[in-house]
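What follows is a single structure, written as structure tokens, with notes after it.
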Amino acid sequence: DLHVEMAAAPAAPGDASPLRGIGAAALTVSGMQRAGGDRLAISGRIDKADIAINDRDSFVADLDFAATTLGGSGKLEIERLRVVSGRSTWNFHGALGPAPRQEAAEGGTAPSYRFELVSDGSTVAPQDSSEPTLRVLARVAGRLDADASRLDIDQIGVRSSQGEVSGRAAVHLA
């Protein structure tokens with residue numbers, strides 16, 4: 001097993017990265033080889049990740065995650081992805097793996113990866129409000145095209161007892 005901890009780290013002056021800084025962070029990596037197959041696990045947390053949205057605004061969140069891959073599975077199982085920002089808590093699980101060749105060919109250049117994150121129970125609440133938290137179910141699915149540096153989120157869905165909302169998004173990665 002490998003375990004690493006890091007103290008808070010602000011972004012370097014002049015850094016053009018969208019990551020403006022992080023609080024404390026920890027990462028654990030463990031692996032096992034056995035006759036039934038190899039296993040690699042990764043888990044960690046990042047406190048106060050400060051991600052720029054534009055020149056003035058940012059998204060600040062605490063992240064906690066755990067994921068595993070088994071030899072020959074061809075995918076990364078995301079057992080836990082917890083995002084806490086203000087009064088909102090998103091609890092996801094899902095998978096990330098290569099898109100099937102047919103799907104990759106339709107989307108253009110290779111390589112391409114698809115992902116799906118599902119939340120069976122999260123809470124959403126405005127930051128500076130006395131409004132009660134709202135329990136929601138959510139699903140985020142899409143594709144990452146490494147050659148084009150593009151993240152396509154084809155399905156964004158959030159549902160509560162009061163209704164639902166859906167959308168799509170695309171992000172060009174620098």
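The values are calculated or read from the model by the stated rules, or taken from the named source; none is laboratory data. Values in this document were obtained by computation on a predicted structure and should not be read as measured data. Here the Cβ positions follow ideal geometry from the backbone for every residue, glycine too, while neighbour counts run over all protein chains shown. All accessible areas refer to the heavy atoms of the entire protein, side chains included, with ligands and DNA or RNA removed. Shrake-Rupley method; radii C 1.70, N 1.55, O 1.52, S 1.80 Å.
Of the peptides 125-131, 37-43, 139-145, the order by per-residue mean of other Cβ atoms within 10 Å, starting with the highest, comes out as 139-145, 37-43, 125-131.
Rounded to the nearest 20, the Cβ-based charge dipole of the chain about its Cα centre (Lys and Arg +1, Asp and Glu -1) stands at 300 debye.
Think of the chain as a dipole: +1 on every Lys or Arg Cβ, -1 on every Asp or Glu Cβ, centred on the Cα centre; then among PHE65, VAL4, SER149, PHE65 lies furthest on the positive end. Peptides 159-171, 66-78 ranked from most to least packed give 66-78, 159-171, packing being the mean of other C-beta atoms within 10 angstrom over each peptide's residues. Rolling a 1.4 Å probe over the protein heavy atoms of the chain, with every protein chain left in place, gives an accessible area that is 55 percent carbon and sulfur.
Simple rule: put +1 on each Lys or Arg Cβ and -1 on each Asp or Glu Cβ in the chain, find the dipole, and look at ALA169, GLN127, GLN33; the Cα lying farthest toward the positive end is GLN33.
Here Cα extents along the principal axes in Å was calculated from the structure, and among (i) 103, 33, 30; (ii) 54, 39, 35; (iii) 57, 46, 37 it sits at label (ii). Within the listed set PRO111, PRO132, PRO98, the Gaussian network model of the chain (springs between alpha-carbon atoms below 10 Å) gives the highest mean-square fluctuation for PRO132.
Highest mobility in the GNM of the chain, judged by mean-square fluctuation with C-alpha springs under 10 Å and restricted to ALA148, ALA26, ALA35, is found for ALA35.
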